[in-house]
Amino acid sequence: MAKKMLINVMHPEESRVAIVEDGKLVDLDIEIEGSEQTRGNVYKGVVVRVEPGLQAAFVDIGLKRLGFLQMGEIHPSFWQWRSDIPEESRSRRPRIQEVIRRGQELIVQVEKGERDMKGAALTTYMSFPGRYMVLMPGSDSAGISRKVESESDRKKLKEKVAELEIPEGYGYIVRTEALGKTKTELAKDLQYLVKLHQGIVDKAAAAKGPTLLHRELDVVIRTIRDYFTAEIDEVLVDSKDVYKQAREFFKQTMPKFEKLVKLHTEKRPIFSRYQIEEQIDLIYEKKVPLKSGGYLIIEPTEALVSIDVNSGKTTGEKGVEDTAYKTNLEAAEEAARQLRMRDLGGLIVLDFIDMRDKKHITAVEKTLKAALKGDKARVTVGRISQFGMLEMSRQRIRQTLEQGSTLECPHCSGRGKVKSVENMALSFLRKVHAAAAKGTVAEVHGGLPLEVAYYLLNRKKRELAQIENEYDIVVTVKGKTSFLMNQLELELVRREKPAHVETHEEHAEKVAEALAEGLPEAAEGTDVPAEASTAETEGKKKKRRRSRRKGKAEAEEMVESVAAAEIEEPEELEAGGGEEPEAAAGEETAEGEAPGEEARKKRRRKRRRGKKAKADETAAEEASAPEIAEEPAEEETTEAPIPAEEAGEEEEAAAAQAPDPKTCRRGDRGAGNGSGAG
């Protein structure tokens, strides 16, 4: 059974190490420039915040996010008791706020790298893996790896370790690779690890946090250290520099295997030569095919990883039970392999095809556990439930392949699906309708993908026109080639503030003020006595005050009544002098004609009179000036006729002085109401 380790470092942006067994990819580790592994790095950090509720501290170690340090991961050598804690109480297990303070410096090691929105998980209990041993400074634990199951092998390893001179204050774990190694090889590995730790301590004493004290080995040397076994026949490297580094590492740690390291000199790329590029491509796919015709669907989520087993096109078995059993056996082995290559960790749920035979269920569980034995991560496996579900947990050793080598899809934003053209068009229409309904928008400019814009302009042009007409807005749709599906741009142009619209109340007040201002002018142009003019002015002011106090309806009624009010000639006019026939004739006309015609005649007479009335002072003095009594708005007033020869002059003067028809009309009304009898 040929087993090879292939190292591809031809391109500096990406380093790949693969282990191939009989042409099948068994393990893969990829490291991308800029996203190197931080797990195992040692930092001198500074405590930024202590959280009593979490019993944890957030530590700045110089990375993008603060590291998370739990109370259980803080070594007692870093405790700094508060001064208010008595000495007799310091023998108990403290709370984090009693021994850790803000600004305190700690030497920490990354236990789990940054992931998504989470910072790195830190610990002060450091561990340094070697080829044959793992050194744990500050720990008193010691033992043999759990993967060494044989009692005789465990006993031999304990005897060899007992002969070593391990410094005080160091714990250790003997790795499975120590089997069959001599005492000298173990001692050499131990000395290297002790020297490494001492160098970190000396560097930390002189450095100021936050700073990096020790970086873990690169992916090539790290993979050789952790995954090389005597079963591997050949180590092929396609770079001369890395080839020299690998031989040097073998020379120091495993001299007898140095000859296995070889340089790949063929023109054909090393991974293509052994036909594993296609297998690597499958790692990024959700669907993983099985030989029998079935397949797996692997879906990593925020909470867990789900693996669904489907029979697919599996045929050739006797019945449903046999088909399910064969597919599940194959799926168990492939699932363990995919978890290892993708380095999927956390809670994992496998949904197997339902089986009724208990023997088959037990056989599938054993197959899965056997396939997971070669995994370097800690794995805990449950049992298949009555629903065909198996729960397991796996330690995450390194960054997942997807995190390091993939980006979030700009089309779907990581959801895996995009909206249809029709849905995008309707969404745009709803947004435009909602914005137009507010009444503050004059124009809407929309930027959309070309297909959506074409759909709107061809299939939804009636709806767009209806919105434009109903809300008096302009909608512009632009198709943009640079826009992806699910991209929508909406620009709203607000309507300018409308000019001030005069309300009915304001109009009523202005008319009343115009009437009041017209009273003195009317008094000057007539022969009405001062007492009558004053009385009428006071009456108009009272009416204006009443219109202001009252509501909208009363104000309008007041204006109409004032505009139509007329002053009736008193009865004394009939007994007074040479004007009696004309006054009597005027009364007859008022009584005999319709109110509309009489009102039009009066307006014509008022226009003819205008401000030229001062020229009639002599004729007005000869006429009697009876007292004018204010009557209700409903009563009519007769006026004395004006001589015909003066009418033409008055019309010309009025036409020359009239500034504006509307203003003249308002002024005429005021003058007519305020002048009384001519």
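If you find the alpha carbon centre of the range 1-47 and of the range 426-495, how far apart are they in angstrom?
The two parts, judged by their Cα centres, are 51 Å apart.
Can you tell me how much longer the chain between E13 and S150 gets when fully stretched, taken as 0.36 nm per residue apart minus their C-alpha distance, in nm with one decimal?
So the extension gain works out to 45.0 nm.
So which GluC sites (Glu not before Pro) in the range 386-489 pass both tests, a DSSP loop state and at most 10 other Cβ atoms within 10 Å of the Cβ?
Taking the range 386-489 and a limit of 10 other Cβ atoms within 10 Å, the loop GluC sites (Glu not before Pro) found are E408.
I need to check one value: relative contact order of the range 212-268, counting alpha carbon pairs closer than 8 Å and at least 6 residues apart, in percent.
Dividing the mean separation by the residue count of the range 212-268 yields 39 percent.
Residue separation times 0.36 nm, minus the C-alpha to C-alpha distance between K3 and R383: what's the value?
Here the answer is 133.6 nm.
Counting other Cβ atoms within 10 Å, keep those with at most 15, restrict to DSSP loop, and tell me which GluC sites (Glu not before Pro) in the range 185-271 are left.
Passing both the DSSP loop test and the Cβ count: E231, E266.
Share of the range 164-318's accessible area from carbon and sulfur, percent, 1.4 Å?
50 percent
For the range 281-368, which trypsin sites (Lys or Arg not before Pro) pass both filters: DSSP loop (anything but H, G, I, E, B) and at most 15 other C-beta atoms within 10 Å?
K286, K291, K313, K318, R356
Roughly how many Å is it from the Cα centre of the range 99-167 to that of the range 284-331, as a whole number?
If we compute the Cα centre of each part, the gap is 38 Å.
Could you tell me whether the range 177-252 comes out rounded, prolate or oblate from its Cα gyration tensor? Rule is a ≥ b ≥ c as square roots of the eigenvalues, rounded for a/c under 1.5, then prolate if a/b exceeds b/c, otherwise oblate.
oblate
Would you mind getting me the FRET efficiency between V493 and E248? Use the beta-carbon distance for r and R0 = 45 Å, nearest 0.05.
Calculated transfer efficiency: 0.05.
If you project the alpha carbons of the range 133-230 onto the principal axes, what extent comes out on each, in Å, largest first?
49, 32, 23
The values are calculated or read from the model by the stated rules, or taken from the named source; none is laboratory data. Here the structure is a predicted model, which is why all the values come from computation and not from measurement. Neighbour counts are summed over all protein chains in view; Cβ atoms, including those assigned to glycine, are modelled from backbone coordinates with ideal geometry. When the accessible area is computed, the model is the full protein with side chains, heavy atoms only, and any ligands, DNA or RNA have been set aside. Shrake-Rupley method; radii C 1.70, N 1.55, O 1.52, S 1.80 Å.
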